[in-house]
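The values are calculated or read from the model by the stated rules, or taken from the named source; none is laboratory data. Note that the structure is predicted; figures quoted are calculated from it, not measured. Because the Cβ atoms are built from the backbone with ideal geometry, glycine has one as well, and the counts that use them run over all protein chains shown.
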């Protein structure tokens, strides 16, 4: 898939003009974009989560809206409202910011669970129902949500149903000393984000999303994906394992990752590389595992390592 590889590399280089030293995170965002999936960016404040979301959105020729989630935000502030127009004497619909190609849900866990749930239908069915009327969202549609760690004051944990709708959960982490110095240099005179321009049009993106679905996955590799996901439900440290949606998302992201590498087929290494990003946030550890400080990413890596990898017949 040389066209996909070449095109996505342009987007990656464009975003990297703003985000320093996070090439893998940018690549994973492009994987989600090709799968038309949603991303949860989780980390402490000041790392660059919002900047990454804005840089990605500005690199695409798509409509973009930002929603600042706060405790007093209402569901209608997200989806829109129907109001009575006295001039026309009819009810009219005023679209909310979710009616956009790319939606940045900034600090999503600052809002109450009632408002967070307003995104459930949008993220899964790509539609929004307001006052009994269902309206389709534009395609492509992607939610980039940022979240502060739930231990911080003033946050509300996302419900499991919503977390499961995110294709991947990514963490930026602190930059290296050299990268942090480069950040100071780039932002010294002006904000490089303001100079970004689109390098990918909507029609191109939709076409690539269809191409990705045609990436070949061998039957034994598909069975390997199913075994890995099912193993999360039987692990001794896991209270709640990944759902079948996890299997589907792992399959799709492996196809997209292969396309980014210029291949038209998926390798076992693709699945192993993506599993922690796709499955970890879907697992709930049991009290004993949490008491011993186990991390869900470690559990996923243990499962992936324990499952026999498909071998090409020689």
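Annotation: residue 136 fulfils all but one of (1) buried (at least 19 other Cβ atoms within 10 Å of the Cβ); (2) touching a strand residue (DSSP E or B) at 6+ places or on another chain (Cβ under 6 Å); the unmet one is (1).
Checked against the criterion of being loosely packed, with under 14 Cβ neighbours inside 10 Å, assigned to a strand (DSSP E or B) and in contact with a helix residue (DSSP H, G or I) (Cβ under 8 Å, 6 or more places away or on another chain), the range 105-122 has no qualifying residue. Scanning the range 4-55 for residues that are within 15 Å of residue 262 (Cβ to Cβ) and free of Cβ contacts under 8 Å to residues at least 40 places away in the same chain, we see that the one that is surrounded by the most Cβ atoms within 10 Å (Cβ to Cβ) is 12. Only residues that are crowded, with 18+ Cβ neighbours inside 10 Å and touching a strand residue (DSSP E or B) at 6+ places or on another chain (Cβ under 7 Å) were counted in the range 65-74, giving 2. Only one of the numbered conditions (1) surrounded by fewer than 12 Cβ atoms within 10 Å (Cβ to Cβ); (2) closer than 30 Å to residue 268 by Cα; (3) within 21 Å of the chain's Cα centre (by Cα) is not met by residue 205, and that is (1). Just one of (1) free of Cβ contacts under 8 Å to residues at least 12 places away in the same chain; (2) in the same structural domain as residue 63 (by TED's automatic domain parsing) fails for residue 204. It is (1).
Inside the range 91-104, residues that are in contact (Cβ under 8 Å) with a residue 60 or more places away in the chain and either in a strand (DSSP E or B) or not assigned by TED's automatic domain parsing to the domain that holds residue 148 (or both) make up a count of 0. Among the residues of the range 144-203 satisfying the criterion of being in a helix (DSSP H, G or I) and within 21 Å of residue 279 (Cβ to Cβ), which is modelled with the highest pLDDT? Step by step, filter the range 144-203, then rank; the result is 163. Scanning the range 34-62 for residues that are within 25 Å of residue 208 (Cα to Cα) and not in a helix (DSSP H, G or I) returns 35, 36, 37, 38, 39, 40, 41, 59, 60, 61, 62.
Restricting the range 75-90 to residues that are in contact with a strand residue (DSSP E or B) (Cβ under 8 Å, 6 or more places away or on another chain) and touching a residue at least 24 places away in the same chain (Cβ under 8 Å) leaves a set whose member that is surrounded by the most Cβ atoms within 10 Å (Cβ to Cβ) is 78. Are any residues in the range 283-301 touching a residue at least 40 places away in the same chain (Cβ under 8 Å) and surrounded by 13 or more Cβ atoms within 10 Å (Cβ to Cβ), and if so, which ones? If the condition is that a residue be touching a residue at least 40 places away in the same chain (Cβ under 8 Å) and surrounded by 13 or more Cβ atoms within 10 Å (Cβ to Cβ), then 283, 284, 285, 286, 289, 294, 299, 300 are the ones that fit. Against the test of being touching a residue at least 40 places away in the same chain (Cβ under 8 Å) and surrounded by fewer than 22 Cβ atoms within 10 Å (Cβ to Cβ), the options 252, 227 yield a single qualifying residue, 227.
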